[in-house]
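Encoded as structure tokens, the structure appears first; notes follow it.
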Amino acid sequence: MDLTRRGMVLGGLTGALYGWLGRPRVQAETANREDAIVTEAQFVVCPVGKVEKDKQQVRLRIFEKYLPALKGLEGFSHVHVFWWFSKNDTPEKRRILQVHPRGSKKNPLTGVFATRAPVRPNLIATTVCRIQDIEDHVVTIERIDAFDGTPILDLKPYIPGADCVKGQVRVPSWL
């Protein structure tokens, strides 16, 4: 299914796809009581573009309606690209909550929130990319660990003071 022209409903384990929506919408399942507790929320996320890869270039093709959102990005050298693991999106894979990091049985069984595994409850990924050029609604980047056709959820500029951890950093021994 082509996710670049459809919104995606995030939440729960279903990973259901929702028709293209022009604006985000939040839905919640609740009991018909005043003291109802929200048990599960769903968020509709509409892709803002798609990844295009060939042997020469990697491009982030931003849909025309989002062209104004690119204004000012040319002042930055790097961008955080938030994208969807679309080729890995199945209800079964969303239920996998522990993996051996990097696919190696030598590494301990670890919760997906402590890994960068492509299987997770919500298949959101992020990559920091070097911007090479911005022309019209195409951002040419150095590289990205996403497939051709991957839906782009958002772009955020890399800001060294805000995106760099200060002080001691701790990582597990398997890393």
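None of the figures in this text is laboratory data; all of them are computed from the coordinates on show. A quick note: this is a predicted structure, and the numbers were derived from the prediction, not measured.
Details
- Checking the cross-link pairs Lys55/Lys156; Lys50/Lys156; Lys106/Lys166; Lys50/Lys71; Lys71/Lys156 against a 21 Å limit on the alpha carbon distance flags Lys55/Lys156; Lys106/Lys166 as lying beyond it.
- By the Stokes-Einstein formula, at 0.890 mPa s and 25 °C, segment 34-147 with its Kirkwood radius over alpha-carbon pairs has D equal to 148 µm²/s.
- Each residue of segment 167-174 was assigned a 3J(HN,Hα) from its phi angle through the Karplus expression (A = 6.51, B = -1.76, C = 1.60, θ = phi - 60°), giving x, 5, 10, 10, 9, x, 4, 5 Hz with x at Gly and Pro.
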